[in-house]
Every structure is written in C-alpha cells, then in structure tokens.
Amino acid sequence: KYPKATEEIPAIIDLITQLIEKECAYEVEGDVYFRVRHFQTYGRLSKRPIEEMQAGTRIEVDLRKEDPMDFSLWKKSKLDEPSWDSPWGLGRPGWHIECSAMSMKYFGDNFDIHTGGVGNIFPHHEGEIAQSEGVTGKQVVNHWVHGQHLLADGVKMAKSSGNAFIVGDLEQRGIDPLSFQCPASQ
C-alpha cells in the first residue's frame, strides 16, 4: 500500500473526532489541538520530559491553545492552501495525525515495526504515539526503528542540498558501496 494523506481525509477526520470524544483534543475556531498533558507519557520515545520542553522554538505559540505544548490535529484553511470539509469547517490535517490515521487504517491498532529517520523522533513520532494511544488506550507500535542521516561531502545528504545520490551512483563516484559506515562507528 502507498496511501496518500489527501486520499485518507475521512480516516483522519474520524481519528480526530475520536480524540475529541475522549477529551484528548479540543476545537478552537476551526483548529483542533491535541492535549499533550492529557497523555502522561508524552516524550518517552525521545526521552524528553515534558517539563524540559519549550513551546515556540519551532513555530510561534498560538495563544488560543489551552497549553502552549498542544499540537495541531486540524488547521483551519488559509486562502491559498488546499482544504477539505470537516466538522470544524474547511481545513487540512496536521502533520502527525495523517500518519496515525493511515498506519492504523492499514495495520490496525497494534503493529510490530514503525520506521523513520532520527529527525522524526521528536516531535513527529511522539505526536503519533500520543494520538494513536490516546484513541486506543494501549501501545500501538511495538518497536520503533530510526535510521541515522547519511553524510555526503561532509554534510547531511539531502536532495535539497544537491548532494544526494543512490547506491548505484557510488561506483561512478569511485566509492566502494561496501565501505559505507555510520559516522559513530568511524
């Protein structure tokens, strides 16, 4: 399966609705937020106690939130953004809820392995855990596996940096594909 969030809006809306019904989330003027402090173990994957987290380090804090740490499940639409109809008006899903809705739709409310890059541990995967477990009341993912970033030419490899290449390109660059090592093991 290769689901697209834009094709899973009904599942996303259903999950948000369940979170509101369980009082894990609340609506404010067309936006819906997850109550982070309602989820007692928020931060366990990243080993970051909520008391040590600072709201507003990535984006400006919305003063309409009950708590600055609460994160978006549904965002009211802005003029030039895609939007979908919902019980809260036209809007779009937040970043974390899309993944929770799709993984639970296709894998159920318990599955063995969830993967991603280390950059997704916080806040993305923490958000997924809180939402998914907030609805089910139980552990949804048994094992989290995170890959480290690859370095190319001394910096993180990324298409946006123009330094990304695939394994098939290694020989062309004069690199033995078997010589790759994690930076921590050098």
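Can you send over the solvent-accessible area of Arg35, 1.4 Å probe, protein chains only, in Å² to the nearest 10?
About 60 Å², ignoring ligands and nucleic acids.
Quote the accessible area belonging to Thr136 in square angstrom, nearest 10, computed with a 1.4 Å probe and with ligands, DNA and RNA left uncounted.
Per-residue accessible area (Thr136): approximately 40 Å².
Would you mind counting up the charge near Gly89? Only other residues with Cβ under 10 Å from its Cβ, with Lys and Arg at +1 and Asp and Glu at -1.
Numbers: positive: Lys76; negative: Glu27, Glu29, Asp31, Asp85.
With Lys, Arg at +1 and Asp, Glu at -1, the net is -3.
What value does the range 16-112 have for Rg/Rh, both radii from Cα atoms and Rh as Kirkwood defines it?
Working: Rg = 14.2 Å, Rh = 14.7 Å.
With Rg and the Kirkwood Rh in hand, the quotient comes to 0.97.
Can you put Asp31, Asp153 in order of accessible area, largest first, using a 1.4 Å probe?
Values: Asp31 20, Asp153 120 Å².
Output order, biggest surface exposure first: Asp153, Asp31.
Relative contact order of the chain: what whole-number percent is it, with Cα pairs under 8 angstrom and at least 6 residues apart?
On the way: 228 pairs, mean separation 37.0, N = 186.
Relative contact order comes out at 20 percent.
Can you tell me the orientation of helix 126-136 relative to the chain, as the angle in degrees between its alpha-carbon axis and the longest Cα principal axis, to the nearest 10?
It works out to around 50 degrees.
With a 1.4 Å probe and all protein chains in place, put His143, His124 in order of accessible area, largest first. Kindly include the intermediate steps, with their values, before the conclusion.
On the way: His143 110, His124 10 Å².
Correct descending sequence by accessible area is His143, His124.
Using a 1.4 Å probe, how large is the accessible area of Val167, given in Å² and rounded to the nearest 10?
110 Å²
Would you calculate the separation in nanometres between label points at Ser46 and Leu63, each defined as 7 Å from the Cα along the Cα-to-beta-carbon direction?
2.6 nm
Could you tell me the number of lysine pairs in the chain with C-alpha atoms less than 17 Å from each other, where the two lysines are 8 or more residues apart or belong to different chains?
Working: Lys1/Lys105; Lys4/Lys105; Lys22/Lys138; Lys65/Lys75; Lys65/Lys76; Lys105/Lys138.
For the chain, the number of qualifying lysine pairs is 6.
Over the range 88-127, what number does the Rg to Rh ratio reach, with both radii from the alpha-carbon atoms and Rh per Kirkwood? Please report the intermediate quantities before stating the final value.
On the way: Rg = 11.8 Å, Rh = 11.5 Å.
Computed over Cα atoms, the ratio is 1.03.
Tell me, how many Å apart are the Cα centres for the range 124-167 and for the range 1-74?
18 Å
Would the range 90-174 count as rounded, prolate or oblate if I go by the C-alpha gyration tensor, calling it rounded below 1.5 in a/c and otherwise prolate when a/b exceeds b/c, oblate otherwise? Mind dumping the intermediate values first?
Working: a/c = 2.81, a/b = 2.15, b/c = 1.31.
Prolate, since a/c reaches 1.5 and a/b exceeds b/c.
In degrees between 0 and 90, to the nearest 10, how far off the longest principal axis of the chain does helix 9-21 point, with axes built from Cα atoms?
50 degrees
Give me the 1.4 Å probe accessible area per residue for the chain, excluding ligands and nucleic acids, in Å². Spell out each step's value before the answer.
Details: 11550 Å² over 186 residues.
Each residue of the chain exposes 62 Å² on average to a 1.4 Å probe.
Sort Leu79, Leu150, Leu45 by heavy-atom solvent-accessible area, probe 1.4 angstrom, most to least.
Numbers: Leu79 170, Leu150 95, Leu45 45 Å².
The most accessible residue leads, giving Leu79, Leu150, Leu45.
Compare the Cα positions of Trp144, Gly127, Asn163 along the charge dipole of the range 92-168 (+1 at Cβ of Lys, Arg; -1 at Cβ of Asp, Glu; about the Cα centre) and return the one farthest towards the positive end.
Projecting each Cα onto the dipole axis, the largest value belongs to Asn163.
Mind checking the dipole of the range 1-156: about its Cα centre, +1 per Lys or Arg Cβ, -1 per Asp or Glu Cβ, Debye to the nearest 20?
Numbers: 18 positive and 25 negative charges, 72 e Å.
For this selection, approximately 340 debye.
I'd like the carbon and sulfur percentage of the solvent accessible area for the chain, probe radius 1.4 Å, heavy atoms only, ligands and nucleic acids excluded.
Values: 5900 of 11550 Å².
Answer for the chain is 51 percent, counting heavy atoms of protein chains only.
More than 20 angstrom separation, counting every C-alpha pair in the chain; what % is that?
On the way: 10494 of 17205 pairs.
That tail contains 61 percent of the Cα-Cα pairs.
Using Cα atoms only, what is the angle between the long axis of helix 95-107 and the major principal axis of the chain, expressed in degrees (0 to 90) to the nearest 10?
Taking the Cα atoms of the chain, the angle to 95-107 is about 80 degrees.
Using only DSSP helix segments of four residues or longer, with each worth -39500 (n - 2.57), what per-residue ellipticity at 222 nm results for the chain after dividing by its residue count and rounding to 500? Please list the in-between numbers first.
Details: 4 runs with 41 residues, N = 186.
Computed ellipticity for the chain at 222 nm equals -6500 deg cm²/dmol.
The values are calculated or read from the model by the stated rules, or taken from the named source; none is laboratory data. Every value quoted in this text rests on a predicted model; they were computed, and no experiment measured them. Methodologically, a virtual Cβ is constructed for each residue, glycine included, from the backbone with ideal geometry; neighbour enumeration extends over all protein chains shown. Only protein heavy atoms, including side chains, enter the accessible area calculation; ligands, DNA and RNA are left aside. Shrake-Rupley method; radii C 1.70, N 1.55, O 1.52, S 1.80 Å.
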